[in-house]
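Visitor: I am attaching a structure below and will ask some questions about it afterwards.
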Amino acid sequence: MARITLAALGAESCPTVKNILLLDSEEKRVAVKYYSDDWPTNSAKLAFEKSVFTKTLKSNARVEGML
């Protein structure tokens, strides 16, 4: 019987959650959870959060008060 591994399937066919971020409107952490070691230090995590905040700052997302 052949055994199928994730490597055989390819990484792109099996998406994974590496982290969950909840940041407020001032780039402060409300809640975060990292599931991978792609960001091994706290400074690396903060830099990643800053880049995500900067990229999403220009998005046209509605806030709760607009609903």
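Visitor: Go through (1) charged (D, E, K, R); (2) modelled with pLDDT of 90 or more; (3) touching a Leu at 6+ places or on another chain (Cβ under 9 Å) and name the single condition residue 27 misses.
Guide: It is condition (2) that residue 27 fails.
Visitor: If I ask for residues that are β-branched (Val, Ile, Thr) and surrounded by fewer than 10 Cβ atoms within 10 Å (Cβ to Cβ), which ones from the range 14-37 would you list?
Guide: Listed by number, the residues that qualify are 16, 17, 30.
The values are calculated or read from the model by the stated rules, or taken from the named source; none is laboratory data. Here the structure is a predicted model, which is why all the values come from computation and not from measurement. Note that we place each Cβ from the backbone using ideal geometry, even for glycine, and neighbour counts take in every protein chain shown.
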